[in-house]
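First the structure, in the form of structure tokens, and then the observations on it.
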Amino acid sequence: MAASASACSTTSFVGASVRPFLHKGSGDTLRPRSLVANAFQNRAVVRGPRSELEITHSQDTRPSRASSVSVLEQLKVSSADRYMKERSSIAVIGLSVHTAPVEMREKLAVPEAQWPRAIGELCSLNHIEEAAVLSTCNRMEIYVVALSWHRGIREVTEWMSKTSGIPVSELRQHLFLLRDSDATRHLFQVSAGLDSLVLGEGQILAQVKQVVKVGQGGRGLGKNIDRLFKDAITTGKRVRTETNIASGAVSVSSAAVELALMKIPNSQSLAARMLVIGAGKMGKLVIKHLAAKGCKKVVVVNRSVERVDAIREELKEIEIIYRPFTEMLSAAAEADVVFTSTASETLLFMKEDVETLPQVSKLIGGLRLFLDISVPRNVGSCVSGVESAQVYNVDDLKEVVEANKEDRLRKAMEAESIITEELKRFEAWRDSLETVPTIKKLRSYADRIRAAELEKCFQKIGDDALTKKIRRAVDDLSNGIVNKLLHGPLQHLRCDGSDSRTLDETLENMHALNRMFSLDTEKSIIEQKIKAKVEKAQN
């Protein structure tokens, strides 16, 4: 299996510059399309956002041994040169409700408590410098800064396969992969709620904030990922403030409530008996949205009464009745609608449990509704086979999302313009980092020359005539001369979007200075980073 996985990942991620393309989903915004490549066919086509790359493995040509060796050596040299000179890339690889079923998402889900461990393992990979994990009920996405694009993606893919137990070949059918500006735009869309089942839902913004909070306590969030997520938070706030995108159903929990009320006859919607299992964030939101819809009473099952009391204090407009977890089945027997939102890793309801529950009144619809908004799921799929029950999970909330498409599209277009503005700001900041090594090396080069010449000057003056005042004056003079000489070149190496200088012009200046002073920053920095990580792994 390992050999197969390795072969697959090499063909799809390492064999070519893979840039998966975005496509419009059933909703209102651009969706990342899953990357699918067949490693065992002789012909593979990989499409990118702006181009299509076709790789054909020839079977008919049989070059001589000498020419084969020559070509192989040339390929090795060119590949090594390209590898060492490529700029580190921001990438996102993962799956979401748009690309993978809940059965696969729950296998890859990483609980928040394990995010630091996952980040540490990812950053220990040879070609990954920074990492962050965004794992929710609707998505599991890994954001990285890869020192080598191809090798880094291969390592992350193999890590996902190892931790989930899913073969790479199977994972690839559901994964999406985005790079640099596409990866940045995707996170900004996620933070703005454009990639959520419910457009503009606010819970995802809180989850993005949590990534920063958790990451700052560990080693994973370097300057690139930290700035990326902070700018994503800014984007999410702007979108919700400057558009009306958060109106209506704006979270998974509110969509679950709307779906439940859609399935109950209108005349009986307020008479239906509601049960919420779990008093965490999602459970609290369900209760809040039930109250907003006019529900006057809800039963809440939870392991402890303290959380329920806190919710009761906050939401005084609805009667909240507490039942301990040991009474869950008896509470379900008295309910028409059951919402489950716990972090339990074992199923709470199986087919045999639901079959023993009494029939729901035909006035309510005759079916007991289970709305399972947990990942991993709390209600077994086998419950769908019970005639008196109907089960919905997070994948089924698309029914609610389809409402008001025209209005959602208008709001999404407004949000996209904000995202584009923030994307330009982030890219200008990141582009400005590209010249930082040259600035540092040029400054260091000038300081070395200044120090050497200063020492010669002091020797000529002699210790007898070299007073502290003269030493300080000569030192200040040399510093002033160096600073004034470097001011012009350094100004032309700064590109933060605050002036009219283009990135291309700045990079031309950088390359010119690298050549003139033999600074050689492009190659050495990435080479040093990779070498250090490999040596650390070996030790």
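What FRET efficiency would be calculated for the residue pair Glu387, Glu170, taking the C-beta separation as r and a Förster radius of 41 Å, to the nearest 0.05?
Working: r = 34 Å, r/R0 = 0.82.
With a Förster radius of 41 Å, E is 0.75.
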### Task
Determine the equivalent ellipsoid of the stretch 108-193 by diagonalising the alpha-carbon gyration tensor, then write out the semi-axes as square roots of 5 times the eigenvalues, largest first, rounded to whole Å.
18, 16, 14
## Note on the structure
Rounded to the nearest 10 Å², the accessible area of Glu306 using a 1.4 Å probe with every protein chain kept is 120 Å²
### Rg over Rh, two decimals, the stretch 235-295 (C-alpha only, Kirkwood Rh)
1.05
### Query
Tell me, what is the 1.4 Å probe accessible area of Leu348, in Å² to the nearest 10?
20 Å²
### Query
For the stretch 91-179, which whole percent of the accessible surface, found with a 1.4 angstrom probe, sits on carbon and sulfur atoms?
47 percent
### Query
Tell me, what is the FRET efficiency for Met413 and Glu112 to the nearest 0.05, using R0 = 30 angstrom and their Cβ-Cβ distance as r?
0.35
#### Entry: the stretch 426-486: Rg to Rh, with Rh as the Kirkwood radius over Cα pairs
1.21
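For Arg323, Arg227, what's the largest-to-smallest order of accessible area, 1.4 Å probe?
Numbers: Arg323 45, Arg227 80 Å².
So, going from the largest accessible area down, we get Arg227, Arg323.
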### Residue order for Lys441, Lys107, Lys468 - accessible surface, 1.4 angstrom probe, largest first
Lys468, Lys107, Lys441
### Query
How big is the accessible area of Asp407 in square angstrom, nearest 10, if you roll a 1.4 angstrom probe over the protein chains?
60 Å²
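Note the full-extension length gain between Arg425 and Glu505 as 0.36 nm times their separation in residues minus their Cα-Cα distance, in nm to one decimal. Working shown, then result.
Working: separation 80, 0.36 × 80 = 28.80 nm, distance 1.80 nm.
Residue separation times 0.36 nm, minus the Cα-Cα distance, leaves 27.0 nm.
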## Note on the structure
Residue span Ser330 to Cys457: 0.36 nm per residue of separation minus Cα-Cα distance leaves a gain in nm of 36.5 nm
## Note on the structure
Expected sort for 189-198, 294-303, 269-278 on mean C-beta neighbours within 10 Å, highest first, is 189-198, 269-278, 294-303
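Over the stretch 326-475, average the accessible area per residue using a 1.4 Å probe and give it in Å², no decimals.
Values: 8090 Å² over 150 residues.
That works out to 54 Å² for each residue.
Counting only heavy atoms of the protein chains, get the accessible area per residue of the stretch 268-309 (1.4 Å probe) and round it to a whole Å² value. Don't jump to the answer; show the numbers that get you there.
Details: 1990 Å² over 42 residues.
Normalised by residue count, the accessible surface of the stretch 268-309 is 47 Å².
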### Message
Just to make sure I understand: if all protein chains stay in place, what is the order of His289, His98 by accessible area at 1.4 Å, largest first?
### Response
His98, His289
### Task
With a bin width of 5 angstrom, please list the P(r) values of the stretch 317-431 as percents of all Cα-Cα pairs, from the 0 bin to the one holding the largest distance.
2, 9, 15, 16, 13, 10, 8, 8, 7, 6, 4, 2, 1
### Task
Give me the distance in nm between label points sitting 7 Å out from Cα along the Cα-to-Cβ direction at Arg515 and Lys223, one decimal.
2.7 nm
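Once you've got the Cα coordinates, tell me which of Lys230/Lys288; Lys107/Lys281; Lys213/Lys263; Lys460/Lys484 are over 31 Å apart. Let's see the in-between values first.
Values: Lys230/Lys288 29 Å; Lys107/Lys281 22 Å; Lys213/Lys263 39 Å; Lys460/Lys484 25 Å.
Violating the 31 Å Cα-Cα cut-off are Lys213/Lys263.
The values are calculated or read from the model by the stated rules, or taken from the named source; none is laboratory data. Predicted, not measured: the structure shown is a model, and the values here were computed from it. Here Cβ is always computed from backbone atoms with ideal geometry, including for glycine, and neighbour counts include all displayed protein chains. The protein model used for the area step is the full one, side chains on, heavy atoms only, and it has no ligands, DNA or RNA in it. Shrake-Rupley method; radii C 1.70, N 1.55, O 1.52, S 1.80 Å.
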